[in-house]
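K.L.:
Mind having a look at this structure? Questions to follow.
The values are calculated or read from the model by the stated rules, or taken from the named source; none is laboratory data. Remember, it's a predicted structure, so these values are computed and weren't measured experimentally. Note that we place each Cβ from the backbone using ideal geometry, even for glycine, and neighbour counts take in every protein chain shown. Quick note on the areas: whole protein, heavy atoms, side chains included, nothing else; ligands and nucleic acids left out. Shrake-Rupley method; radii C 1.70, N 1.55, O 1.52, S 1.80 Å.
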Amino acid sequence: MHPRKSKEIQSILLKKGFTLEPKHKHHEFYYFVVNGKISSVYTYFSHSKKDYDNFLLSQIKKQLSFDNTSEFEDFLNCPFTETDYLEMLKRKNIINI
C-alpha cells in the first residue's frame with residue numbers, strides 16, 4: 001500500500017456510505033450506515049495525523065473487515081463499490097439485513 005492523505009481516505013469513506021460521528025473529541029469516527037442506521041463497522045482518524053502510512057492503513061483495513069490488501073486497495077481506488085462492501089459484510093455475517 002502506498003501512503004495516503006487522511007483527508008483523501010475520509011472523503012472516500014463518505015462517498016461509500018460512511019458518516020462522521022462528531023460526538024468524539026480526540027478522534028474523528030466514521031461509521032458505516034445501512035438503511036439509514038449506523039452499523040457497528042467503523043474506523044477513526046486522529047486530528048493530528050495528516051498522512052497515513054502502511055501501518056495505519058493496515059489498521060483501517062482490519063477495522064473495516066477487509067481480509068486482503070488487494071480488496072482494500074480496490075475499495076480506496078473505487079472499483080470496490082459501497083454495494084460490494086455491503087455484500088462483503090453480509091457474507092462475513094458482520095451485518096445482517
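K.L.:
Can you give me the % of accessible surface on the chain that is carbon or sulfur? Probe 1.4 Å, all protein chains present, nothing else counted. All intermediate terms of the calculation are to be shown ahead of the outcome.
P.N.:
Working: 2990 of 5810 Å².
So the carbon and sulfur contribution to the accessible surface is 51 percent.
K.L.:
Rounded to the nearest 20 Debye, what is the dipole magnitude of the chain about its Cα centre when Lys and Arg each give +1 and Asp and Glu each give -1 at the C-beta?
P.N.:
360 debye
K.L.:
What number comes out for accessible area per residue over the chain if the probe is 1.4 Å? Units Å², please.
P.N.:
Values: 5810 Å² over 97 residues.
It amounts to 60 Å² per residue over the chain.
K.L.:
Rounded to whole Å and sorted largest first, what semi-axes of the equivalent ellipsoid does the C-alpha gyration tensor of the range 33-79 yield via the square root of 5 times each eigenvalue?
P.N.:
Numbers: eigenvalues 73, 51, 20 Å².
Over the Cα atoms of the range 33-79, the ellipsoid semi-axes are 19, 16, 10 Å.
K.L.:
If r is the Cβ-Cβ distance from Asp51 to Phe29 and R0 is 22 Å, what FRET efficiency results, to the nearest 0.05? List each step's numbers first, then the result.
P.N.:
Working: r = 20 Å, r/R0 = 0.89.
The computed FRET efficiency comes out at 0.65.
K.L.:
When the expected Rg is taken as 2.2 N^0.38 Å, what fraction or multiple of it is the alpha-carbon Rg of the chain?
P.N.:
Details: Rg = 12.7 Å, N = 97, 2.2 N^0.38 = 12.5 Å.
After normalising by residue count via 2.2 N^0.38 Å, the value is 1.02.
K.L.:
When the helices in the chain are scored as -39500 (n - 2.57) per DSSP H run of 4 or longer and the sum is shared across all residues, what 222 nm value do you end up with, to the nearest 500 deg cm²/dmol?
P.N.:
-11500 deg cm²/dmol
K.L.:
Report Lys92's accessible area, 1.4 Å probe, all protein chains in place, as a number in Å² to the nearest 10.
P.N.:
Roll a 1.4 Å probe over it and Lys92 shows about 70 Å².
K.L.:
Could you sort His47, His27 by accessible area so the largest value comes first, with the probe set to 1.4 Å?
P.N.:
On the way: His47 90, His27 65 Å².
These residues rank, largest area first, as His47, His27.
K.L.:
List every residue whose amide H lies under 5 Å from the amide H of Val34, counting only residues 5 or more places away in sequence or on a different chain, with H placed 1.01 Å from N in the peptide plane.
P.N.:
Ser39
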